[in-house]
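The values are calculated or read from the model by the stated rules, or taken from the named source; none is laboratory data. Keep in mind that what you see is a predicted model, and the values were worked out from it rather than measured. We place every Cβ from the backbone using ideal geometry, glycine too, and count neighbours over all the protein chains shown. Surface areas here come from the heavy atoms of the whole protein model, side chains and all, with no ligands, DNA or RNA. Shrake-Rupley method; radii C 1.70, N 1.55, O 1.52, S 1.80 Å.
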Amino acid sequence: MRNLVITALVLLPSLATIAHAAQSYRAPRQNNLQGNYRALTPAEASVTYSGCNEVRQRGLAPLRRGQPGYRPWMDGDNDGLACEPVRR
């Protein structure tokens, strides 16, 4: 019985901290399914490619933000250059 009382005295402050943290936790807002992508400009939307492999095969890589065919999902590091050369 004594061990149970000591264990309870040790755990109760921790449980109170956890309960307080859980009450004050706010879940992050869910954005739309497109994430943080911005709207495409008319020039960007005028041309489409199936992916970076096609862009590279056509010799157009890297695509810059604002160029026809640029898509935010092709720009993995969001630096304005899509379909950059693969770093090894």
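Within region 41-72, which residues are closer than 17 Å to PRO85 by Cβ, open to solvent by less than 50 Å² (accessible area, probe 1.4 Å) and outside any loop (DSSP other than H, G, I, E, B)?
Hits for region 41-72 are CYS52, GLU54, VAL55, LEU63.
Given ARG87, ARG65, which one is in contact (Cβ under 8 Å) with a residue 12 or more places away in the chain and out of contact with any strand residue (DSSP E or B) (no Cβ under 7 Å at 6 or more places or on another chain)?
Checking each option against the conditions leaves just ARG65.
State all residues of region 53-88 that are closer than 19 Å to THR41 by Cα and β-branched (Val, Ile, Thr); if no residue qualifies, say none.
VAL55 - this is the single residue of region 53-88 that is closer than 19 Å to THR41 by Cα and β-branched (Val, Ile, Thr).
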